[in-house]
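The values are calculated or read from the model by the stated rules, or taken from the named source; none is laboratory data. Nothing here was measured: the structure is a model prediction, and the numbers come from that model. Virtual Cβ from ideal backbone geometry, glycine too; neighbours counted across all protein chains shown.
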RNA sequence: GCCCGAGUGGCGGAAUUGGUAUACGCGUUCGACUUAAAAUCGAAUGGUGAAAACCAUAUGGGUUCAAGUCCCAUCUCGGGCACCA
């Protein structure tokens with residue numbers, strides 16, 4: 001007898017899919033479409049891990065499900081290839097990042113194909129391909145033209161290990177998100193995208209998205225809208241007035257001192273000969289302090305500037321202090337301290353013996369002008385690194401920036417011998433002397449040597465998928481109108497950064513007339529992590545990594561791997577890998593195979609009810625993303641087919657229903673049965689049976705079960721009498737019945753005694 | 001500190017609208033097949049108890065005919081933010 005040999009079956013079908021290209025998508029106006037994508041991977045040297053498999057398989061289950069339902073489905077694939085791992089590898093080994101990337105992509109592609117994903121391989125994209133980053137540069141220029149890409153000198157997070165600045169979103173607990181080194185503040189001239197221009201719209205439209213509440217809340221908190229007022233305080237002695245931001249302008253009568261941040265721009269004008277040295281000393285110390293130190297030691301520090309301001313409400317002279325608990329980047333970098341109302345101000349006042357005055361509240365608009373402030377800052381995009389998309393800017397003799405004309409794009413990454421950045425604050429691009437020189441409109445200029453944050457490259461890739469080979473535009477208007485916005489986007493990371501940036505670019509390009517929608521992603525599925533069997537995060541150093549390719553090659557095959565990862569638990573929860581449960585899923589698929597290839601079909605259709613019930617359950621579960629219970633329902637179905645005997649229709653139905661999870665096995669089964677893969681329909685009439693079981697409770701506890709005809713469910717009196725006549729029930733009802741409650745929907749009768 | 005999630009058998013988890021708690025899988029035990037093992041097939045499996053029955057969804061209260069599900073308080077774990085005025 002033949003046996004279920006997954007590797008053989010999978011090789012066969014993967015070859016067929018490679019040759020016949022059934023997943024190629026083309027626009028068919030009038031036919032309903034569905035576009036799905038995962039967050040494209042960074043192709044590391046280690047190859048696919050089980051987390052990728054979970055992420056990609058969720059998308060694949062939906063892709064195949066909607067294809068079987070007859071929609072025109074697009075499921076593309078791509079690689080996010082710029083970034084530090086490839087560059088650091090290049091520095092270490094001297095291998096060009098271009099070459100490493102090529103090798104890693106080839107490996108990822110090969111592995112993804114072994115998982116049997118229904119990908120339109122004609123739409124593969126790679127962010128470090130000049131044909132792609134040409135258009136990333138074009139996007140930058142559009143933002144630049146509108147003043148939304150600009151340069152500013154300010155204090156920025158600097159990673160001394162990676163020798164580059166970082167965005168706020170890339171600093172985690174005071175450490176670099178890539179190398180984990182503590183970051184410092186450094187004053188530098190850097191490029192920014194003006195995301196704050198869209199703060200209100202980004203905030204308002206969150207509620208309209210079919211996204212997990214968790215992500216929506218995180219984005220709302222990140223944007224951090226505060227409604228308050230700006231109030232001017234005159235400085236005694238004629239220095240420029242100080243504007244503070246406060247959410248409580250009504251507490252101004254209690255403002256007994258002002259505090260400015262160490263980085264406050266007009267700090268010098270407040271200093272006196274007596275205080276200057278001490279204050280500048282304090283400022284220098286504060287700037288040197290790493291974020292870690294600031295967090296570990298939250299005890300208030302600060303010094304008196306020597307100047308006083310006038311409280312416009314009380315007309316009293318109040319001292320101006322400088323302290324690092326006031327942040328330069330938020331509000332105006334200066335606050336009015338109301339120690340009677342605010343805990344932080346109170347702590348500061350106590351420590352430095354400043355007056356604390358109980359305050360009567362006044363009208364909010366009496367002394368200030370209403371003002372809205374955001375926690376979110378503009379997006380810092382320049383990086384002093386080699387392996388990124390060059391910023392398409394050049395500087396004239398006077399140092400003024402000029403955009404590279406669009407017909408001179410792409411600005412190619414120059415070849416260099418040494419990829420290592422130095423501490424000059426410039427990337428390795430500065431070493432390509434010939435490349436640096438560029439002529440724009442006849443004028444000799446010097447190129448910008450910073451590259452773009454990788455998040456810029458991933459802020460528009462979903463639109464490139466619509467027309468990945470277009471040479472005349474970043475995306476084709478007809479294609480984008482047909483396919484997008486994306487219907488399902490699936491990932492397990494980047495809750496704030498990427499998912500906020502792509503919304504920002506979408507709104508910008510919609511304003512410019514390039515996009516016919518203002519939100520790029522309709523539904524977001526945020527999947528959980530897969531941990532090691534011990535419940536800990538998988539990591540090379542702990543040696544607890546499960547390699548998905550090993551699972552396949554061990555003989556389980558891709559169908560088992562895919563189905564197991566869908567069965568492991570709710571898709572949005574973290575789960576621990578359990579090698580023994582993998583075996584359980586393999587046994588299930590083996591039983592499916594046996595039904596199709598080694599069992600005689602039953603001639604009597606005893607399973608029509610469970611067949612229709614299973615179709616309904618699996619269909620609805622996939623709609624709800626309850627992939628684990630969909631698989632469980634299929635297991636129940638198979639168990640029942642073993643018991644009662646399976647008809648040919650049962651096996652065809654089973655094959656169709658498992659195809660999203662185990663496409664190779666299902667294809668093999670459908671081929672044997674000469675059946676198509678059209679998604680089956682259920683008929684409600686087979687879901688109701690002639691007799692039903694009625695639960696009889698006494699005081700809410702299950703005491704008896706009655707089998708009655710389905711029609712009797714409408715007859716409360718009859719059911720009640722039947723129940724009261726029941727032997728088991730009568731044991732409890734000797735002392736009388738207070739009342740009965742019948743719930744036909746729940747098929748339940750509760751007797752209260 | 002603040003804002004979200006979560007807590008159910010030996011384990012992963014189910015219970016969709018307040019209505020039979022523990023689906024499905026793993027593990028364990030027993031049986032069939034086999035010289036034997038593996039594989040496969042079948043049965044049992046929350047706890048206590050001889051049974052009747054009682055007790056069980058983190059803990060303590062409450063609402064309800066009925067609570068894993070709703071309300072209040074507490075504990076534990078996970079995630080996010082963290083001097084944002």
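Please give the number of the condition residue A:56 fails out of (1) over 21 Å from residue A:538 (Cβ atoms); (2) in contact with a helix residue (DSSP H, G or I) (Cβ under 9 Å, 6 or more places away or on another chain); (3) modelled with pLDDT of 95 or more.
(1)
Give me the pairs: first residue in the range A:734-753 and without any contact (Cβ under 8 Å) to a residue 12 or more places away in the chain, second residue within 7 Å of RNA strand B (Cβ to nearest atom), beta-carbon distance under 8 Å, and six or more apart or on different chains, which are they?
These pairs meet every condition: A:741/A:750; A:741/A:752; A:743/A:750.
Checking the condition exposed (fewer than 15 other Cβ atoms within 10 Å of the Cβ) and within 14 Å of RNA strand B (Cβ to nearest atom), which residue from A:703, A:624 passes?
From the options A:703, A:624, the qualifying one is A:624.
Strands (runs of 3 or more DSSP E) wholly in the range A:175-250 with at least 2 residues that are more than 30 Å from residue A:425 (Cβ to Cβ), within 13 Å of RNA strand B (Cβ to nearest atom) and modelled with pLDDT of 85 or more - which ones?
Hits in the range A:175-250: A:225-235, A:242-246.
Could you check, for the range A:531-543, whether at least one of its residues is touching a helix residue (DSSP H, G or I) at 6+ places or on another chain (Cβ under 9 Å), touching a residue at least 40 places away in the same chain (Cβ under 8 Å) and either farther than 28 Å from residue A:116 by Cβ or in a helix (DSSP H, G or I) (or both)?
No, there is no match, as no residue in the range A:531-543 is touching a helix residue (DSSP H, G or I) at 6+ places or on another chain (Cβ under 9 Å), touching a residue at least 40 places away in the same chain (Cβ under 8 Å) and either farther than 28 Å from residue A:116 by Cβ or in a helix (DSSP H, G or I) (or both).
Looking at residue A:263, is it within 11 Å of RNA strand B (Cβ to nearest atom), in contact with a strand residue (DSSP E or B) (Cβ under 7 Å, 6 or more places away or on another chain) and in contact (Cβ under 8 Å) with a residue 12 or more places away in the chain?
Criteria met by residue A:263.
Return the only residue of A:619, A:594, A:599 being more than 19 Å from residue A:664 (Cα to Cα), within 12 Å of RNA strand B (Cβ to nearest atom) and part of a helix (DSSP H, G or I).
Only one candidate qualifies: A:619.
For (1) within 12 Å of RNA strand B (Cβ to nearest atom); (2) under 20 Å from residue A:628 (Cβ atoms); (3) surrounded by fewer than 17 Cβ atoms within 10 Å (Cβ to Cβ), each residue gets a yes or a no:
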| position | (1), (2), (3) |
| --- | --- |
| A:510 | no, no, yes |
| A:523 | no, yes, no |
| A:526 | yes, yes, no |
| A:534 | yes, no, yes |
| A:552 | no, no, no |
| A:555 | yes, no, yes |
| A:564 | yes, yes, no |
| A:569 | yes, yes, yes |
| A:575 | yes, yes, no |
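Is it true that residue A:105 is outside any loop (DSSP other than H, G, I, E, B) and out of contact with any strand residue (DSSP E or B) (no Cβ under 6 Å at 6 or more places or on another chain)?
Spelling it out, it is not the case that residue A:105 is outside any loop (DSSP other than H, G, I, E, B) and out of contact with any strand residue (DSSP E or B) (no Cβ under 6 Å at 6 or more places or on another chain).
Name the residues in the range A:159-174 that are touching a helix residue (DSSP H, G or I) at 6+ places or on another chain (Cβ under 9 Å) and in a loop (DSSP other than H, G, I, E, B), would you?
The answer is A:162, A:167, A:173, A:174.
Since residue A:118 meets every condition but one in (1) touching a helix residue (DSSP H, G or I) at 6+ places or on another chain (Cβ under 8 Å); (2) more than 24 Å from residue A:450 (Cβ to Cβ); (3) buried (at least 23 other Cβ atoms within 10 Å of the Cβ), which condition does it not meet?
Evaluating residue A:118 over (1) touching a helix residue (DSSP H, G or I) at 6+ places or on another chain (Cβ under 8 Å); (2) more than 24 Å from residue A:450 (Cβ to Cβ); (3) buried (at least 23 other Cβ atoms within 10 Å of the Cβ) leaves (3) as the failure.
Could you grab me the full set of residues in the range A:200-228 that are under 29 Å from residue A:248 (Cβ atoms), more than 13 Å from the chain's Cα centre (by Cα) and surrounded by 17 or more Cβ atoms within 10 Å (Cβ to Cβ)?
Across the range A:200-228, the qualifying residues are A:202, A:203, A:206, A:222, A:223, A:228.
Taking residue A:156, is it crowded, with 16+ Cβ neighbours inside 10 Å and either assigned to a strand (DSSP E or B) or without any contact (Cβ under 8 Å) to a residue 60 or more places away in the chain (or both)?
yes
Go through the range A:632-689 and give me each residue that's more than 21 Å from residue A:586 (Cα to Cα), part of a helix (DSSP H, G or I) and within 16 Å of RNA strand B (Cβ to nearest atom).
Correct list: A:644, A:684.
Which residues, taken from the range A:159-168, are surrounded by fewer than 19 Cβ atoms within 10 Å (Cβ to Cβ) and in contact (Cβ under 8 Å) with a residue 24 or more places away in the chain?
Of everything in the range A:159-168, those that are surrounded by fewer than 19 Cβ atoms within 10 Å (Cβ to Cβ) and in contact (Cβ under 8 Å) with a residue 24 or more places away in the chain turn out to be A:160, A:168.
Does residue A:607 satisfy the condition of being more than 22 Å from residue A:23 (Cα to Cα) and surrounded by fewer than 18 Cβ atoms within 10 Å (Cβ to Cβ)?
It is false that residue A:607 is more than 22 Å from residue A:23 (Cα to Cα) and surrounded by fewer than 18 Cβ atoms within 10 Å (Cβ to Cβ).
Which is crowded, with 20+ Cβ neighbours inside 10 Å and either more than 45 Å from the chain's Cα centre (by Cα) or more than 25 Å from residue A:346 (Cβ to Cβ) (or both), of A:258, A:270?
None of the other options fit; the residue is A:270.
Suppose the filter is over 26 Å from the mean Cα position of the chain (by Cα) and within 16 Å of RNA strand B (Cβ to nearest atom); does residue A:150 pass it?
Spelling it out, it is not the case that residue A:150 is over 26 Å from the mean Cα position of the chain (by Cα) and within 16 Å of RNA strand B (Cβ to nearest atom).
When you look at residue A:171, is it surrounded by 14 or more Cβ atoms within 10 Å (Cβ to Cβ) and either modelled with pLDDT of 95 or more or over 30 Å from residue A:449 (Cβ atoms) (or both), yes or no?
Considered against the rule, which asks whether it is surrounded by 14 or more Cβ atoms within 10 Å (Cβ to Cβ) and either modelled with pLDDT of 95 or more or over 30 Å from residue A:449 (Cβ atoms) (or both), residue A:171 comes out as no.
Looking only at the range A:714-737, count every residue that is within 15 Å of RNA strand B (Cβ to nearest atom), within 56 Å of the chain's Cα centre (by Cα) and assigned to a loop (DSSP other than H, G, I, E, B) and tell me the total.
Within the range A:714-737, residues that are within 15 Å of RNA strand B (Cβ to nearest atom), within 56 Å of the chain's Cα centre (by Cα) and assigned to a loop (DSSP other than H, G, I, E, B) number 0.
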